[in-house]
């Protein structure tokens, strides 16, 4: 088993993978100009190590990885699509064509939600017999709070012992809908019976723009930008609500984590989110890009502790039964076996007996 990245691999990631007995490889591409070089580096690696399976993730790593695998005739090429209609929705025609190319170069395509699979088949015209739905799984051993006092400690850290505490955990990008949450803050403040604080956890190129959004809304005193945090389970446990107002979302892993940890969620009714959150049962779904609807749902739950408690208690068992990491891995193995049968290549039959999981990582 090998783990490969298109971009330089972060030291902590390499250290972790090695500690798990996984050999690492990086194409060491600092920018797109180096992608042709990275493609050749990966092709040589695949050929040298006699890789049986390449499993590609994310947009640019999938293009490079699947082209390299096709070039050296890697027997089994698998793609996981972690997004659905994003490129189509924003009219990125060449991105859509490259998505179609990646699906064409793959023997099997894994969609992380029914919505993603439907888009692949109906819009991008991927062969239906090539597409399988495997929802993301959670390693529940890693989604745990640091201690029984985690909620109390987080609320004390951010001076929220007598305030409502909202949390959004997402990369700082327009598709995550931060802008609409920031626009909702004045209404939330006006309608709530006690002060509200919003924690924004995540990094991205829109950091400065979002800080300006908050200032323009007159709500800088309500918001704290945290950047990258390793203690997201503690943050989730400490919050009254986790909010994910995405404009496009194939899955929404943070929602499963919040439901598992017992924190109610408010999210957009887009993409694969309704496959995770049952509206009115374990969370509340609102129309995308609607700040008033978002504010209304948030205020209603913040001002109704009993309703929050009911929603929080409803999600955990459903998440445990539907999103187990072990089940995801077993599903992957079944798809590898299906691809092997189709191409007449018995798994792990050749000298080398290796597979590679390829994705992007930034140092």
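Every residue in the stretch 120-139 that is in contact with a strand residue (DSSP E or B) (Cβ under 8 Å, 6 or more places away or on another chain) and not in a strand (DSSP E or B), please.
Within the stretch 120-139, 120, 121, 126, 130, 134, 137 meet the criteria.
Quick test of your reading of the structure: residue 74 fulfils all but one of (1) closer than 23 Å to residue 329 by Cα; (2) within 22 Å of the chain's Cα centre (by Cα). Name the failing condition by number.
For residue 74, the exception is condition (2).
Any residue in the stretch 140-154 that is in contact (Cβ under 8 Å) with a residue 12 or more places away in the chain, over 22 Å from residue 227 (Cα atoms) and in contact with a helix residue (DSSP H, G or I) (Cβ under 9 Å, 6 or more places away or on another chain)?
Within the stretch 140-154 (the criterion being in contact (Cβ under 8 Å) with a residue 12 or more places away in the chain, over 22 Å from residue 227 (Cα atoms) and in contact with a helix residue (DSSP H, G or I) (Cβ under 9 Å, 6 or more places away or on another chain)), the answer is yes, since at least one residue qualifies.
Of all helices (runs of 4 or more DSSP H) completely enclosed by the stretch 203-320, which ones contain at least 2 residues that are modelled with pLDDT of 95 or more and within 30 Å of residue 91 (Cα to Cα)?
Qualifying helices (runs of 4 or more DSSP H): 207-216, 253-261, 291-302.
Rundown of residues vs (1) under 28 Å from residue 135 (Cα atoms); (2) at pLDDT 95 or above, yes/no style:
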position: 20; (1), (2): yes, no
position: 26; (1), (2): yes, yes
position: 30; (1), (2): no, no
position: 34; (1), (2): no, yes
position: 37; (1), (2): no, yes
position: 40; (1), (2): no, yes
position: 44; (1), (2): no, yes
position: 47; (1), (2): no, yes
position: 55; (1), (2): yes, yes
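Out of the residues in the stretch 1-24 that are crowded, with 18+ Cβ neighbours inside 10 Å and in contact (Cβ under 8 Å) with a residue 60 or more places away in the chain, which is farthest from the chain's Cα centre (by Cα)?
So, considering only residues that are crowded, with 18+ Cβ neighbours inside 10 Å and in contact (Cβ under 8 Å) with a residue 60 or more places away in the chain, the one farthest from the chain's Cα centre (by Cα) is 2.
Return the only residue of 79, 67 being at pLDDT 95 or above and more than 27 Å from residue 142 (Cβ to Cβ).
67 is the lone residue from the list that is at pLDDT 95 or above and more than 27 Å from residue 142 (Cβ to Cβ).
Just the residues that are at pLDDT 85 or above and either farther than 30 Å from residue 68 by Cα or surrounded by 13 or more Cβ atoms within 10 Å (Cβ to Cβ) (or both), please, taken from the stretch 335-359.
Correct list: 335, 336, 337, 338, 339, 340, 342.
Do we find a residue being closer than 21 Å to residue 270 by Cα and in contact with a helix residue (DSSP H, G or I) (Cβ under 6 Å, 6 or more places away or on another chain) anywhere in the stretch 74-83?
yes
If only one of 229, 300 is touching a helix residue (DSSP H, G or I) at 6+ places or on another chain (Cβ under 7 Å), in the same structural domain as residue 206 (by TED's automatic domain parsing) and surrounded by fewer than 17 Cβ atoms within 10 Å (Cβ to Cβ), which one is it?
The unique qualifying residue is 229.
Within the stretch 88-127, which residues are within 27 Å of residue 326 (Cβ to Cβ) and surrounded by fewer than 18 Cβ atoms within 10 Å (Cβ to Cβ)?
114, 118, listed by residue number.
When residue 84 is evaluated against the numbered criteria (1) within 23 Å of residue 3 (Cβ to Cβ); (2) surrounded by 19 or more Cβ atoms within 10 Å (Cβ to Cβ); (3) under 21 Å from the mean Cα position of the chain (by Cα), which criterion, by number, is the only one it fails?
Condition not satisfied by residue 84: (1).
Taking the condition within 20 Å of the chain's Cα centre (by Cα) and either within 24 Å of residue 58 (Cβ to Cβ) or touching a residue at least 12 places away in the same chain (Cβ under 8 Å) (or both), does residue 313 pass?
no
For the stretch 263-284, which residues satisfy the criterion of being under 20 Å from the mean Cα position of the chain (by Cα) and farther than 27 Å from residue 150 by Cβ?
Hits for the stretch 263-284 are 268, 269, 270, 271, 272, 274, 275.
The values are calculated or read from the model by the stated rules, or taken from the named source; none is laboratory data. This one's a predicted model, so the numbers in the text were calculated from it and none came from an experiment. Methodologically, a virtual Cβ is constructed for each residue, glycine included, from the backbone with ideal geometry; neighbour enumeration extends over all protein chains shown.
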